[in-house]
1. Sort out which residues of the range 171-189 are surrounded by 11 or more Cβ atoms within 10 Å (Cβ to Cβ) and of a type in the set (A, V, I, L, M), and write them in order of number.
2. Given 278, 301, which one is out of contact with any strand residue (DSSP E or B) (no Cβ under 8 Å at 6 or more places or on another chain), open to solvent by less than 70 Å² (accessible area, probe 1.4 Å), modelled with pLDDT of 90 or more and within 23 Å of residue 221 (Cα to Cα)?
3. Could you list, in sequence order, all residues of the range 1-48 that are aliphatic (A, V, I, L, M), closer than 16 Å to residue 65 by Cα and modelled with pLDDT under 90?
4. In this structure, does residue 202 turn out to be in contact (Cβ under 8 Å) with a residue 60 or more places away in the chain, open to solvent by 30 Å² or more (accessible area, probe 1.4 Å) and within 25 Å of residue 59 (Cβ to Cβ)?
5. Condition first: surrounded by fewer than 20 Cβ atoms within 10 Å (Cβ to Cβ) and β-branched (Val, Ile, Thr). Now tell me which residues in the range 243-275 satisfy that.
6. Among the residues that make up the range 106-123, is at least one of them of a type outside the set (A, V, I, L, M), under 24 Å from residue 74 (Cβ atoms) and open to solvent by 70 Å² or more (accessible area, probe 1.4 Å)?
7. Checking residue 78 against (1) closer than 18 Å to residue 40 by Cβ; (2) within 27 Å of the chain's Cα centre (by Cα); (3) surrounded by fewer than 19 Cβ atoms within 10 Å (Cβ to Cβ), which single condition isn't satisfied?
8. Please work out which residue is nearest to residue 233 (Cα to Cα), limiting yourself to the range 135-147 and to residues that are touching a helix residue (DSSP H, G or I) at 6+ places or on another chain (Cβ under 9 Å) and surrounded by 11 or more Cβ atoms within 10 Å (Cβ to Cβ).
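The values are calculated or read from the model by the stated rules, or taken from the named source; none is laboratory data. Please read these numbers as outputs of a predicted model, since none were measured by experiment. Cβ placement follows ideal geometry from the backbone for every residue including glycine, while neighbour counts extend to all protein chains displayed. In case anyone asks, the SASA skips ligands and DNA or RNA and just uses the protein heavy atoms, side chains included. Shrake-Rupley method; radii C 1.70, N 1.55, O 1.52, S 1.80 Å.
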Amino acid sequence: MRFRMLPEVDLNALLTEHRQLVARLAKAHDGRVIKPEGDGFWVVFPSVTAAALAAMSMQEELRLAQPGKGDDRVAMRIVLTLGDVLHQEGGLVGDAVVLAARIEAITPPDAIYMSASAWLAVNQAEVRASFVDTLTFKGFPDPVAVYRIEQTHRMRVIPDQYMVLTDLRGFGTIAERSPVTLIERILDQLLELVGQACAEFSGTHRSTTGDSYLLTFPDAALAMAGVERLAERWITFQHHEGIRCPINAVVHKGLLYAFRSYLLSPDINLAANLERATSRLESGDASIFISGSVREGLVGTPWEGRLQPVDVGQSSPRLGGIEIYRLVSAKPDPH
């Protein structure tokens, strides 16, 4: 993992997020974390099959959470062993614990390795595994057979996602004419604000292309609250820096297809077309537009009365029949 390369604040946030992922997916397969250890975790399950299925879910979700990050992606290695484990003076004792540590040292990133005893106990109708090698480990007099779980990658459908696609207008011009230090501040601040919006409103950062971000939220209200908070903070940043680099954001409801670390779907393409079309409209330091599919989820909310229909004209024939609304500023409270 790349944990040791991170500043302390980012390290703590990443470890917390990783711990939550491991605990959540372990619980989904009747497992539980019994001891964290640095950036690793000891987890117990009622069966090897449950442990294997949880391990595959952890690897898949970790990949899906980091599309397009390449070598910067956090990778995890997982080892499964079978045996009795004792708690002694705050530590874990047992041959299964020692063997897991030995096998972990030779497990490649993204892989799931298992001991021979675990391989014999797993339901091979549900979990496919292949032989790696017979290896000699310190503390074990006989060679140990090691197996690798064959992770099956299938297209995963993620339905009913409220997608937020953002882009900075005029960033290209700023990048050409401004000092590198300003460009770095802009990109660093945007990344930080995107992270804050996701953390505060249950969002997921799906992908980044240059200064454009794709985020998803579980419902319309959280998406709107998140994108508004992002826009407000971006306006504050622009004023503080004395620059004009407006953010344009569109919110659209649809589904995602995920395969390995790839994301694709017609709805992502539609959101991109919406962003390009609305970016040509006159606006201030920040603009938020939504599609008709999102408006349906805002009925009865404070945002419903702030939606103003817009027409992108003949410049975007691909958007024919798509309702588009601009989110206008909230009226100040007279009290």
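1. Answer for the range 171-189, where residues must be surrounded by 11 or more Cβ atoms within 10 Å (Cβ to Cβ) and of a type in the set (A, V, I, L, M): 174, 175, 182, 183, 186, 187.
2. 301
3. The answer is 1, 13, 14, 15, 21.
4. no
5. Hit for the range 243-275 is 243, nothing else.
6. So far as the range 106-123 goes, yes, one or more of its residues are of a type outside the set (A, V, I, L, M), under 24 Å from residue 74 (Cβ atoms) and open to solvent by 70 Å² or more (accessible area, probe 1.4 Å).
7. Checking residue 78 against (1) closer than 18 Å to residue 40 by Cβ; (2) within 27 Å of the chain's Cα centre (by Cα); (3) surrounded by fewer than 19 Cβ atoms within 10 Å (Cβ to Cβ), the one that fails is (3).
8. Per the criteria, the residue is 147.
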